[in-house]
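Below is one structure, written out as structure tokens; comments come after it.
The values are calculated or read from the model by the stated rules, or taken from the named source; none is laboratory data. Every value quoted in this text rests on a predicted model; they were computed, and no experiment measured them. Cβ placement follows ideal geometry from the backbone for every residue including glycine, while neighbour counts extend to all protein chains displayed.
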Amino acid sequence: MATTVTTPPTRPRTLVVASAFGTGSVVMYFGCLFALYFSIRHDAMAWGSQWYPEGAIQLVPGGMNMSTMAMSAITMGWAVHAVLNDDRVHATIAMALTAVLGIAMVNQTVFYFKDIGLSIDASEAATLLFTIVGSHMVMVAVGVLWLGLLLLRALGGQDTSRHRDLVSAAALYWYASVAVYSVIWIGIYIAK
Amino acid sequence: MTTTDNAAASDSAPTALEDAVTTTDPVVLGRVWGFGGMASVLLAAFAGFLVGVERLDLASAGVFDGADGLFQFWSAYRVAFVLLGVLPALMALATTVVPRQCGGSLVFPRAAALACWTWVVGAGMTIVGFLVDGGLGTPGGGGERQATALTLMGLLLVICGLLLASVCVMTTIVSGRAAGTGLRDLPFTAWTTLVGATVWTGMLPVLAANAVLAYVDLRGRPAVRFGAEDAIWAQLSWMFTHPAIYVLALPVLGIALDLVSSTTRTAQANRDVLLVATAAFGFLSFGAFAQTFFDTPGTPIAEEAISVVAAFAIVPVTLAIVGGLADTLRRGAANLGPKPPAEAVCSILAALLVLAATVVGAVRVIAPLELLDTSVTGAHFALLLGAVILGLGAGFHHWGEDLVGPEGRRPGMFLLGGLAVAGGTALVGAADLVSGLMDQADFTGVDLATAGNPDSAVDGLNLVSMIGSFALLAGLALWILNGSLHTAANRKVAA
């Protein structure tokens with residue numbers, strides 16, 4: 001007598017959908033800060049005011065962070081690809097590498113905050129700079145924590161379709177953090 | 001070792017408080033959102049009443065010790081209504097009723113619980129911040145900086161809680177609904193909640209960014225600009241005016257459409273038109289761009305085409321939704337019987353008040369009248385928020401059995417409270433509208449110059465407005481009593 005095995009209906013990628021909504025919120029947060037930054041900067045420039053003191057913003061730290069984030073986007077993509085192909089070893093290595101690159105980025109930002117020749121209350125530009133870059137640092141730190149939890153799950157042997165969705169959800173958030181940083185890099189570090 | 005196991009089990013039996021705090025049951029969370037939200041609405045109405053009493057004499061301070069004290073209560077009234085009252089109360093229905101309408105259950109219940117308690121802690125911090133002379137800054141800079149920072153931190157927690165809950169609700173609707181149920185098949189409460197939650201998930205992070213910027217600038221050193229005492233409210237005030245506040249009315253319109261359809265046992269004739277109209281209502285209520293504090297030289301944002309067109313365009317859209325409601329009512333009138341249900345009456349009144357608010361909102365932006373800084377803005381806020389509270393009450397009464405239980409419903413008491421809320425809202429809205437046309441300022445301060453040197457006839461209108469505030473307060477108190485009796489009756493039966 002054949003037995004029928006019923007499986008519960010799977011939800012269509014609930015985690016990824018939730019991550020998309022959450023990431024959208026974070027992007028709106030940065031959208032507001034960027035809009036204020038560029039609007040106030042435009043007004044200051046139009047009045048002929050100095051936005052940052054000469055030499056206050058160095059290109060190298062921003063460039064280093066951008067290259068770190070770009071590399072982390074590649075390793076995150078590697079993790080997603082590996083998880084989709086049930087390659088646990090590569091997935092674990094890729095997620096660990098991404099987390100390490102994230103930690104490196106946070107470390108570099110903290111170093112730059114201590115090294116920068118600009119106090120947070122020097123001007124509107126400085127307050128905005130510290131708020132935007134500091135918020136992004138928090139965003140990356142949250143991403144690192146998320147990856148840390150995924151690594152714990154992976155090392156604990158949980159390799160289910162839910163885990164795949166978790167990696168995709170984390171990847172969506174991580175790509176957004178890279179995209180946000182690219183706006184910081186171009187709009188703040190390069191355009192000054 | 002059975003004895004040891006039993007002892008351990010009895011030691012770890014959760015207390016009622018532990019049970020409440022650790023539960024992930026959406027119904028329990030809905031009760032926390034609902035009672036917390038409506039209690040905050042009551043507090044906000046009380047603050048509004050005190051401000052109304054103060055306005056009886058525009059030339060001096062009577063209730064408060066000065067303009068700064070009045071400003072703190074005036075801003076608390078708006079913040080408490082929107083972020084501590086109405087949005088959480090909407091979340092009560094969104095976490096309990098909406099998942100059932102979608103044929104599923106709330107996804108991420110633990111995240112929903114985290115969101116709920118984050119909001120509770122944030123709301124507590126915000127209220128304490130206002131009470132200890134903080135709030136969102138003062139025009140005279142007489143507030144306590146530490147308390148202002150506490151208020152901002154509380155607001156950030158409130159926003160985080162609301163955002164997380166919104167993500168849970170939206171994910172439930174988008175990917176947690178029953179197989180075969182399309183978005184077009186959703187009941188209007190679920191649909192408008194999805195549209196509304198999408199819009200406030202876009203706006204609340206922007207408010208959070210403003211609050212973070214103010215907090216960073218406020219702490220520890222003289223503020224550069226964003227954290228200055230007299231600048232904080234100006235940066236955050238866009239959330240409490242046109243067009244952002246319209247989004248609060250959207251789920252209420254959905255509730256009205258569902259309640260009328262349910263009580264008349266008649267489906268809407270032009271369902272797709274109503275779906276599009278409600279989506280357009282949500283689109284027009286996106287207000288994160290309207291930040292007057294950051295106006296650049298040239299036309300102020302409140303007078304830019306985008307603001308003015310949104311204010312006018314929302315009137316026909318609301319008219320289309322109310323028209324759909326009236327059409328359903330007309331076709332199903334025979335099924336209503338001699339005594340229409342109290343919740344249907346309240347929800348129809350709520351929809352009509354929303355329509356009135358949109359008309360006042362359109363009048364407010366007519367440039368030659370110069371009404372943007374007058375009490376027409378207050379009338380607009382009062383009408384819309386009154387409508388939202390009325391519609392929310394109707395929703396709570398209709399789905400009260402799901403939230404609290406079947407025993408102890410008192411439709412007569414509910415209707416009495418609803419009529420007081422509707423009447424009070426109409427009185428406040430009408431009186432403040434006329435006062436605004438007579439040049440009374442939105443924030444009147446404690447001297448005639450700050451009040452805009454209005455015509456002396458506004459004294460009578462301010463008395464009418466104060467009476468309206470009292471009626472609103474009384475209606476809300478009656479509702480809270482009704483809800484408490486309803487809950488107690490069901491607890492008694494359960495015990």
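Data overview
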read-out	value
Residue list for the range B:269-300, restricted to those being in contact (Cβ under 8 Å) with a residue 60 or more places away in the chain, hydroxyl-bearing (S, T, Y) and not in a helix (DSSP H, G or I)	B:S285
Conditions (1) under 22 Å from the mean Cα position of the chain (by Cα); (2) surrounded by fewer than 21 Cβ atoms within 10 Å (Cβ to Cβ); number of the one not met by B:G337	(1)
Set A:V138, A:V106: member being more than 22 Å from A:A18 (Cβ to Cβ) and not charged (D, E, K, R)	A:V106
Flag if B:V224 is assigned to a loop (DSSP other than H, G, I, E, B), touching a helix residue (DSSP H, G or I) at 6+ places or on another chain (Cβ under 9 Å), facing another protein chain (nearest Cβ under 7 Å) and surrounded by fewer than 23 Cβ atoms within 10 Å (Cβ to Cβ)	yes
Residue match in the range A:8-15 (condition: buried (at least 20 other Cβ atoms within 10 Å of the Cβ), within 14 Å of another protein chain (Cβ to nearest Cβ) and either in contact with a helix residue (DSSP H, G or I) (Cβ under 6 Å, 6 or more places away or on another chain) or at pLDDT 95 or above (or both))	yes
Sole residue being touching a Gly at 6+ places or on another chain (Cβ under 6 Å) and either over 30 Å from B:V28 (Cβ atoms) or crowded, with 24+ Cβ neighbours inside 10 Å (or both), chosen from B:V365, B:V428, B:V388	B:V428
Selection count, the range B:131-180, where residues are under 23 Å from B:A209 (Cα atoms) and not in a helix (DSSP H, G or I)	9
Any hit, the range B:172-189, residues being at the interface with chain A (Cβ under 10 Å from one of its Cβ atoms) and of a type in the set (S, T, N, Q)	yes
Boolean, A:A171 is under 10 Å from the mean Cα position of the chain (by Cα), buried (at least 16 other Cβ atoms within 10 Å of the Cβ), farther than 30 Å from A:G55 by Cα and modelled with pLDDT of 95 or more	yes
Out of A:V100, A:V133, A:V140, sole residue that is under 18 Å from the mean Cα position of the chain (by Cα), at pLDDT 95 or above and surrounded by fewer than 19 Cβ atoms within 10 Å (Cβ to Cβ)	A:V100
Search result, residues across the range B:276-303 that are more than 14 Å from chain A (Cβ to nearest Cβ) and of a type in the set (D, E, K, R)	B:E303
The range B:212-221 - residue that is more than 8 Å from every other protein chain (Cβ to nearest Cβ) and not aliphatic (A, V, I, L, M) and, of those, farthest from A:G31 (Cα to Cα)	B:G220
So B:A244, is it in contact with a Gly (Cβ under 9 Å, 6 or more places away or on another chain), assigned to a loop (DSSP other than H, G, I, E, B) and within 30 Å of B:F396 (Cα to Cα)	yes
Residues located in the range B:335-350, provided they are within 17 Å of B:G323 (Cα to Cα) and of a type outside the set (A, V, I, L, M, F, W, C)	B:S347
Residue match in the range B:238-254 (condition: more than 11 Å from chain A (Cβ to nearest Cβ), in contact (Cβ under 8 Å) with a residue 12 or more places away in the chain, surrounded by fewer than 24 Cβ atoms within 10 Å (Cβ to Cβ) and under 17 Å from B:G134 (Cβ atoms))	no
Residue among A:M45, A:M28, A:M64 that is away from every other protein chain (no Cβ under 14 Å) and not hydroxyl-bearing (S, T, Y)	A:M64
Set A:S39, A:S72: member being of a type in the set (G, A, S), part of a helix (DSSP H, G or I) and away from chain B (no Cβ under 14 Å)	A:S72
Residue in the range B:193-211 that is more than 19 Å from the chain's Cα centre (by Cα) and facing chain A (nearest Cβ under 9 Å) present	yes
Count - residues of the range A:115-158 that are of a type in the set (D, E, K, R) and within 14 Å of chain B (Cβ to nearest Cβ)	2
Residue within the range A:80-89 that is crowded, with 17+ Cβ neighbours inside 10 Å and of a type in the set (D, E, K, R) present	no
